[in-house]
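Structure first, then comments.
The values are calculated or read from the model by the stated rules, or taken from the named source; none is laboratory data. Model, not experiment: these values are computed from the prediction. Positions of Cβ are backbone-derived with ideal geometry, glycine not excepted, and every protein chain shown enters the neighbour counts.
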Amino acid sequence: MVATKLVMNNQIPRVFKNLDPETQQLAQAICGHKVNGINVHLKHLAENLRRSEMIIWVTKRLISDEALGVNWEHLLEDITEQCLKPFHEETYRHLKRMHQIVAEQLKLLEHQKPEQLDDFGCEDFRTMHHFELTPEDQQNLKWAAAFHDLGRMCYPVSFWNTPGRFSQKQREQLEFHARNFYFLGEMLNVCQEVIALSVLHHYPNKGYPDNGIIAKLRPFLDQPKFQYMLKWLVTNDVYGGATDKRSYRDQIWTHEQVIQQTMPVEMARVGLGWVPFIQALKQSGQRVVCPA
Ligand SMILES: [Fe+2]
Ligand SMILES: [Fe+2]
């Protein structure tokens, strides 16, 4: 099976040796080359990405300084179906649900401006400056919701399937799934805003250290509109994480429990101003918000 969907993006060749050294290592590993000094996370990611013939095909083109010839959205969709689904169906379902939730929220806002929504008791909602998102911003928010956790393939599947709560060591390791999206994104020439949203999706509520990758994305973090989009994504992600079924957690939280107990703790650094978007969706009867 070889890619046939040729579109506007990714028609321009790039110089492989100009890419980040870790992106080059990831690409070499995907092509089955022996890569000295590659870290264990990139190694797992490469092994999982090798499930897709299309990814191997475009990566070979990248290494040869040829245009990828396939748009990045199509490549990430292929990774989701061919690599993520067999690797960890729980994460696959989470991404599908996140995409649906954001799509439904944006649909809701086609008819109602944020300032017309009920604040559901979140006082800071009224004080938030609501931005007009361009159609491109909206599409990027949806793509980020659909793909932000693809970096979860940088661990062995046992990392996600270990029953019981995460250990302290596992919690520390978690940063890498977000960070490694950067190399995947650069390799496939993903839109920068989608890369930034995906890499930073734990940053506002977990406060990961400002490593080299976050420093590269600092200009995004300085933009108020980007912060708005990121916090929107993170709010949904916290909510989705708490209400999804997870093998490493024995409890499934209800919508009310999450809103009243989980969100105030998890969102301490983000603020609860985005919760009304979830509440409004719930009120509109969207089962995707709380499928249980
Ligand atoms: Fe994540
Ligand atoms: Fe997530």
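Is at least one residue of segment 251-264 on the phi < 0 side of the Ramachandran plot, within 16 Å of ligand 1 (Cβ to nearest atom) and either under 14 Å from the mean Cα position of the chain (by Cα) or surrounded by fewer than 20 Cβ atoms within 10 Å (Cβ to Cβ) (or both)? The answer is yes; a qualifying residue exists.
Output the residue which, of all residues in segment 129-187 that are charged (D, E, K, R), exposed (fewer than 15 other Cβ atoms within 10 Å of the Cβ) and not in a helix (DSSP H, G or I), is modelled with the lowest pLDDT. In this case the residue turns out to be 165.
What pairs come out if I take residues in segment 50-70 that are crowded, with 18+ Cβ neighbours inside 10 Å and pair them with residues that are β-branched (Val, Ile, Thr) and not in a helix (DSSP H, G or I) whose C-beta lies under 6 Å away, six or more apart or interchain? From segment 50-70, the pairs are 58/70. Looking only at residues in segment 208-246 that are in contact with a His (Cβ under 7 Å, 6 or more places away or on another chain) and acidic (Asp, Glu), the one that is farthest from ligand 2 (Cβ to nearest atom) is 244. Candidates 278, 213: the one that is under 25 Å from residue 150 (Cβ atoms), surrounded by 14 or more Cβ atoms within 10 Å (Cβ to Cβ) and within 15 Å of ligand 1 (Cβ to nearest atom) is 213.
Contact map, segment 164-176: first residue more than 14 Å from residue 206 (Cβ to Cβ), second residue more than 16 Å from ligand 1 (Cβ to nearest atom), Cβ cut-off under 8 Å, separation 6 or more or different chains; pairs are 164/250. Kindly provide the set of residues from segment 1-37 that are of a type outside the set (Asp, Glu), modelled with pLDDT of 95 or more and under 23 Å from the mean Cα position of the chain (by Cα), ordered by number. Those that are of a type outside the set (Asp, Glu), modelled with pLDDT of 95 or more and under 23 Å from the mean Cα position of the chain (by Cα): 19, 21, 23, 24, 25, 26, 27, 29, 30.
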